[in-house]
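The values are calculated or read from the model by the stated rules, or taken from the named source; none is laboratory data. Values in this document were obtained by computation on a predicted structure and should not be read as measured data. Here the Cβ positions follow ideal geometry from the backbone for every residue, glycine too, while neighbour counts run over all protein chains shown.
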Amino acid sequence: MVREKLEDWGLHEAAFVSELVVSELVTNAIRYGRPPVSLRLLRDVDRTLICEISDGGHTSPNLRHAGDEDEGGRGLFLVAQLTAMWGTRYDRQGKTIWAEIGLGQEVPLDVYL
């Protein structure tokens, strides 16, 4: 869905990072949040892509540094490394985790290591 929307907008170069960020945030919403889970993509004229994932829960996400042997715990760390900014907004229905992706930026090589 993300790739298709970005292709419609002519933003092919942002597809890899955007898919990874959305995948991590949606997975967290499904695992730790509450229904309903929704996704919204917003773009700011070829400068910024904002991914918003909302769910019905009110628990805060925790950024942590997973150990070498840990099987999980890297999702928000990756989001923080791949985005310009990210954060959480709360309302009566739950929370929204948002991530701002700078368009035209390169993926840092140390993210792959």
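None of GLU13, GLU7, GLU52 is of a type in the set (Asp, Glu) and modelled with pLDDT of 95 or more except GLU52.
Among the residues of the range 10-67, those that are assigned to a loop (DSSP other than H, G, I, E, B) and free of Cβ contacts under 8 Å to residues at least 24 places away in the same chain comprise GLY10, PRO35, PRO36, VAL37, VAL45, ASN62, LEU63, ARG64, HIS65, ALA66, GLY67. The lone criterion from (1) surrounded by fewer than 18 Cβ atoms within 10 Å (Cβ to Cβ); (2) modelled with pLDDT under 85; (3) of a type in the set (Gly, Ala, Ser) left unmet by GLY75 is number (1).
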